[in-house]
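Heads up, the thing below is written out as structure tokens.
The values are calculated or read from the model by the stated rules, or taken from the named source; none is laboratory data. Given the structure is predicted, the values throughout are model-derived calculations rather than measurements. All Cβ positions, glycine included, derive from the backbone under ideal geometry; neighbour counts span all protein chains shown. These accessible areas exclude ligands, DNA and RNA; they are computed on the full protein's heavy atoms, side chains included. Shrake-Rupley method; radii C 1.70, N 1.55, O 1.52, S 1.80 Å.
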Amino acid sequence: MSKAARYAIDLGTTNTVIAEASKNIVKLIESKVVPIQQRTDEYNNERKEYLSSTLFFDQNGSVIVGEYAKNMKGSQPDRILYNTKLKMGTDATWRMTDKDFTAKQSAAEILKVCRQTIETRLRHEKTLPAITITVPASFNIDQINDTIDSAVQAGFDYNKITILDEPTAAIIEFVNSQVNLATSHREIDFSEKKRILVFDLGGGTCDVCVVDVVLLDSVEGKIDIEQIKVGRYNEFGGSHFDVKCATDLFNAICREKGIEESELDKKVKDRMLHLLVKFSEEAKEWFSQELEYSDREDVPPYKKNIPLFKNEMFPVTIDVKTYDKYTEDLYIKKRSKFSRDRLSIEEVIKHTIYEGKIETSTIDYVFLTGGMAQYPKVEEVVKSLIQKPVIRPNEMMSAVARGAAISMFYEHDVKQIPSDPYIIDSKSDIDYEALEREEAKSTASVQEQEASDSLSFDRGLKLNTKLAEAIMIDVDDNLPLEIVPSNTTLPFNKIYPNSFTVASPSAIRLDLFAGKNNMDSEMRIQRSYMKILDKPVKIGTPIDIEVSIDKNKYLKLSVQIKDSFHEPIVLDVTSDAKEEEGEVSGVK
């Protein structure tokens with residue numbers, strides 16, 4: 001396969017973007033957006049830079065993804081799925097055309113369109129290339145697994161899928177763009193380590209990460225990015241601003257028309273809110289563009305006629321001041337108690353800094369990315385909280401996809417700087433033999449790359465990623481046992497000898513939780529890992545558990561029953577494991 005370009009997909013809550021990276025004529029690594037072919041109306045298809053992560057189910061049960069689906073939100077909301085990324089890693093379903101549809105299936109439909117676009121672009125190639133897919137840095141194990149499964153369902157090769165977190169991808173794009181400049185023209189001097197708070201406010205999720213970035217060789221551009229702290233998963237993004245604005249607009253319109261909300265039919269109300277959410281999103285984008293060149297008081301209101309009542313057009317108007325008033329509670333905390341059900345920009349930033357025990361004085365810059373971060377007030381609020389200079393990518397909507405493609409190019413076509421794996425066994429803190437094997441493997445890989453690499457310079461990329469939350473196993477009649485601490489550097493491997501005993505004679509089942517630690521009141525239930533046994537086992541028999549997490553955050557659990565009958569067992573992921581005669585017990 002040609003090494004001309006490498007591909008990545010930013011699978012977003014609101015929009016999905018494809019990018020490719022390649023060498024330019026002077027052999028610098030550059031990236032660009034790949035337009036995506038999609039249905040735009042009843043009769044036409046067009047190539048657009050962004051694919052709306054929206055699905056429309058037509059009368060025949062066919063699925064249409066993209067702009068056409070987005071435009072159908074107001075007229076046929078019961079046939080629309082959107083923001084489904086927020087339910088990845090769960091068993092939530094939506095009833096569409098008499099079938100239950102999951103978030104994983106929704107992502108697969110979006111990724112199919114992406115696969116077809118890449119295939120068309122590489123029509124002379126016989127196989128699909130390796131692909132990087134981006135996810136929030138705070139995605140847990142179940143959410144990562146669902147993303148990978150979705151890509152496989154869409155037709156991508158499991159062995160050619162790389163998962164990269166969105167904030168790191170955006171930082172890679174920015175640092176690479178700096179490296180491509182002459183030293184005297186760079187915005188930031190990365191020859192000395194810089195600590196950056198990354199604030200990624202997308203369509204439906206918000207990532208807050210603290211990373212250290214340094215160029216190990218400022219001339220050649222050997223990039224070292226280390227995650228210091230990854231904030232916990234937050235369902236908080238641009239869509240929440242749209243809904244909040246739409247809800248307040250709806251209430252204002254009802255007051256103006258003398259309508260009692262309780263008197264409205266649910267379908268009528270839902271349809272009105274769908275139309276107002278779309279209007280609010282358009283208004284936000286309008287204000288973002290206008291505020292780049294005008295002061296707030298000079299920005300004209302956003303106006304549009306919407307068929308709110310019995311398909312009669314109703315004029316809806318909103319100005320910047322009103323939009324900011326409707327959404328003000330999403331910027332700065334106005335509640336005395338922290339709540340994940342009602343978040344704000346202030347809360348997610350301060351919570352991450354607090355949990356990471358990070359002093360704001362150690363932060364050098366704030367890096368803003370994500371679609372919602374384009375709205376100027378977001379930058380104003382974040383800058384006021386951290387009191388540090390704000391930097392941002394040149395093209396915020398596509399920075400994640402382009403950075404991921406650049407990362408893929410580094411991985412396959414440029415010499416890599418080996419990352420340090422975190423490997424522990426039951427006998428010692430560090431498995432030095434494993435480290436030596438990894439180093440030898442990396443050296444051999446580098447030598448092989450050197451033999452075939454056509455780049456005339458020596459670049460490199462070193463990424464150290466971390467797990468946002470701890471992983472725990474539920475234990476009967478006791479607190480969950482932490483098996484992977486929060487903020488653990490990946491990859492990770494550890495064996496827990498004789499730490500558990502069998503609680504069921506016919507199966508092994510491990511129920512997992514994710515949270516700050518085993519005392520966390522906000523810990524979340526994860527999917528279970530289970531295996532039905534070929535031979536019965538005595539309850540109370542000790543077991544060893546081996547935990548492995550690879551660079552893609554893919555979790556593997558293996559069990560060794562301490563008897564003479566059973567070989568090591570690799571457990572399968574399950575969401576509802578039951579025995580024929582009842583529910584399978586966990587471990588003790």
### Summary
Inside segment 159-202, the number of residues satisfying the requirement of being closer than 30 Å to Asp149 by Cβ and of a type in the set (D, E, K, R) is 5
### Message
Pull out all pairs, ordered by first then second residue, where Cβ-Cβ is under 6 Å, the residues are six or more apart or on different chains, the first lies in segment 153-169 and is within 10 Å of Ala404 (Cβ to Cβ), and the second is assigned to a helix (DSSP H, G or I) and among the small types (Gly, Ala, Ser).
### Response
Leu164/Ala404; Leu164/Ser407; Ala169/Gly403; Ala169/Ala404
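Yes/no matrix, rows are residues, columns are (1) open to solvent by 60 Å² or more (accessible area, probe 1.4 Å); (2) on the phi > 0 side of the Ramachandran plot; (3) at pLDDT below 90:
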residue: Ala444; (1), (2), (3): no, no, yes
residue: Gln447; (1), (2), (3): yes, no, yes
residue: Met472; (1), (2), (3): no, no, no
residue: Val475; (1), (2), (3): no, no, yes
residue: Asn478; (1), (2), (3): yes, no, yes
residue: Leu481; (1), (2), (3): yes, no, no
residue: Ile532; (1), (2), (3): yes, no, no
### Message
Of the conditions (1) at pLDDT 90 or above; (2) open to solvent by 20 Å² or more (accessible area, probe 1.4 Å); (3) within 33 Å of the chain's Cα centre (by Cα), Glu522 satisfies every one except a single condition; which number is it?
### Response
(1)
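Going by the conditions given, is Ile172 among the aliphatic types (A, V, I, L, M), in a helix (DSSP H, G or I) and touching a residue at least 60 places away in the same chain (Cβ under 8 Å)? Can you show your working first?
Numbers: among the aliphatic types (A, V, I, L, M): yes; in a helix (DSSP H, G or I): yes; touching a residue at least 60 places away in the same chain (Cβ under 8 Å): yes.
Yes: the conditions hold for Ile172.
Does Asp78 count as open to solvent by 70 Å² or more (accessible area, probe 1.4 Å), in a helix (DSSP H, G or I) and not basic (Lys, Arg)?
Details: open to solvent by 70 Å² or more (accessible area, probe 1.4 Å): yes; in a helix (DSSP H, G or I): yes; not basic (Lys, Arg): yes.
For Asp78, the condition - open to solvent by 70 Å² or more (accessible area, probe 1.4 Å), in a helix (DSSP H, G or I) and not basic (Lys, Arg) - is met.
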### Task
Among the residues of segment 344-403, write down those that are surrounded by fewer than 16 Cβ atoms within 10 Å (Cβ to Cβ), of a type in the set (Asp, Glu) and closer than 28 Å to Ala470 by Cα.
Glu359
### Task
Can you tell me which residue within segment 299-332, out of those that are part of a helix (DSSP H, G or I) and open to solvent by 60 Å² or more (accessible area, probe 1.4 Å), is nearest to Glu346 (Cα to Cα)?
Glu328
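Go through segment 61-72 and count every residue that is in a loop (DSSP other than H, G, I, E, B) and crowded, with 20+ Cβ neighbours inside 10 Å. Can you show your working first?
As a first pass, look at segment 61-72 and keep what is in a loop (DSSP other than H, G, I, E, B): 61-62, 66, 72.
Then drop every residue that is not crowded, with 20+ Cβ neighbours inside 10 Å, which leaves 66.
Result for segment 61-72: 1.
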### Query
Taking interchain pairs and intrachain pairs at least six residues apart, which have beta carbon atoms under 6 angstrom, with the first residue in segment 16-35 and under 17 Å from Asn180 (Cα atoms) and open to solvent by less than 20 Å² (accessible area, probe 1.4 Å) and the second among the basic types (Lys, Arg) and in a strand (DSSP E or B)?
Ala21/Arg6
### Query
So how many residues does segment 81-131 have that are in a helix (DSSP H, G or I) and either open to solvent by less than 50 Å² (accessible area, probe 1.4 Å) or over 21 Å from Val277 (Cβ atoms) (or both)?
22
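If only one of Val175, Val210 is over 26 Å from Gly515 (Cβ atoms) and open to solvent by less than 50 Å² (accessible area, probe 1.4 Å), which one is it? First the steps, then the outcome.
On the way: Val210 fails: over 26 Å from Gly515 (Cβ atoms).
Going through Val175, Val210 in turn, just one is over 26 Å from Gly515 (Cβ atoms) and open to solvent by less than 50 Å² (accessible area, probe 1.4 Å): Val175.
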### Message
Please determine whether any residue of segment 214-222 is open to solvent by less than 10 Å² (accessible area, probe 1.4 Å), among the β-branched types (Val, Ile, Thr) and under 25 Å from Ile353 (Cβ atoms).
### Response
no
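So which residues in segment 246-274 are in a helix (DSSP H, G or I) and either of a type in the set (S, T, N, Q) or open to solvent by 90 Å² or more (accessible area, probe 1.4 Å) (or both)?
Restricting attention to segment 246-274, the residues satisfying the condition of being in a helix (DSSP H, G or I) are 246-257, 261-263, 266-274.
Passing the criteria: Thr247, Asn251, Arg255, Glu256, Lys257, Ser262, Glu263, Lys266, Lys267.
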### Message
Cβ-Cβ distance below 6 Å, separation of 6 or more or different chains: which pairs start in segment 475-487 with a residue that is more than 9 Å from Asn518 (Cβ to Cβ) and touching a residue at least 40 places away in the same chain (Cβ under 8 Å) and end on one that is in a strand (DSSP E or B) and open to solvent by 40 Å² or more (accessible area, probe 1.4 Å)?
### Response
Val475/Leu481
### Task
Report yes if some residue within segment 136-153 is of a type outside the set (Ser, Thr, Tyr), in contact with a strand residue (DSSP E or B) (Cβ under 7 Å, 6 or more places away or on another chain) and surrounded by fewer than 17 Cβ atoms within 10 Å (Cβ to Cβ); otherwise report no.
no
### Asp511 vs. criteria among the acidic types (Asp, Glu) and assigned to a loop (DSSP other than H, G, I, E, B)
no
### Query
Say we look at segment 201-219 and pick out the residues that are in contact with a Lys or Arg (Cβ under 6 Å, 6 or more places away or on another chain) and more than 22 Å from Ser398 (Cα to Cα); which of these is modelled with the lowest pLDDT?
Leu216
